[in-house]
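In what follows, a single structure is set out as structure tokens and then discussed.
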Amino acid sequence: MFINETITNNKKTSIIPFITCGFPKRKNFIDLLFALEKSGSTLIEIGIPNSDPLAEGLTIQYSSNIAIKNGVNTHECIKTVRQARKKGLKIPIVLMGYYNNILAYDMNKFCKEAKESGVNGLIVADLPINESKPLVNILNQYSIDFIPLLSINSSKEIIKKATKLATGFIYCVSVLGVTGERNIVFDRVKDLVEQVKKHTNVPVAVGFGISTKSDITNIIKFADAAVVGSALINKLKDTKNDKIIEVASNFISELF
């Protein structure tokens, strides 16, 4: 219950930054994780690079391509978390990937190594709720939280099933379509969050399209956490090497 408790007991705004593993540079990525922690992030979502990230807009596609060019793969993501834990990173870590990342690695091996490295939760962007039970069963064996994605057009049946499977938090997607900075229709995602909260006490986070302090202020009125991905990556993609840590720290700090 580490993720659940971390969000629930947080006395300030819960912000969850998303960053693709090994982006923008591999050599100082662990330093970047520590900067995100120090800046007040409640937990960190680390993306496993994928050559065909279907749920991602151009920004995160770009970061995934750069990470792959930097030599990052599923094994390196797990290894990176292990190294960060050894250096003292304390806040929860959630891996976000695609089902083929996990199947190609072997589900049991993936979950075992993820647990040993210090991973606390998993998001699988393209895994339908109705097909998730085999993976969820293995995650439960290793005490890794399953974090389902729900969209503003998810059916009541899918919402009920997702709430029964979720253990860390539930990720509500604020817009239709892929990730990226854009205007959010808060009423629609608020309705989704309210539907979810009727079925569970597991925290609810909202993501996709969140880029400003104003967005987060609106979301925290009805949800428990906000996920910020594309906006952070956009800040970093043109940043010089010696400024990466500073820019990331300032960006997260200014969201509170």
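No value in this document is a laboratory result; all are computed from the given coordinates. Everything quoted here is computed from the prediction, not taken from an experiment. Note: ideal-geometry Cβ built from the backbone for every residue, glycine included; neighbour counts use all protein chains shown.
In whole angstrom, note down how far apart the Cα centers of region 1-62 and region 118-176 are.
Between the Cα centre of region 1-62 and that of region 118-176, the gap is 18 Å.
Take the alpha-carbon positions of region 46-150, form their convex hull, and give its projected area averaged over all directions (one quarter of the hull surface) in nm².
With every direction weighted equally, the projected area is 6.6 nm².
What is the sum of charges around Glu194, taking Lys and Arg as +1, Asp and Glu as -1, for the other residues whose C-beta is under 12 Å from the C-beta of Glu194?
+3
Could you tell me the ratio Rg/Rh of region 2-251? Both radii from Cα atoms, Rh via Kirkwood.
Expressed as Rg/Rh, it is 0.93.
Beyond a 30 Å Cα-Cα separation, which of these cross-linked pairs lie in this structure: Lys79/Lys160; Lys11/Lys190; Lys112/Lys237? Don't skip to the answer; put the middle values down first.
Numbers: Lys79/Lys160 35 Å; Lys11/Lys190 21 Å; Lys112/Lys237 33 Å.
Checking Cα-Cα distances, Lys79/Lys160; Lys112/Lys237 exceed 30 Å.
Compute all pairwise cysteine Cβ distances in the chain, then list the cysteines with no distance under 4.7 Å to another cysteine.
Cys111, Cys172
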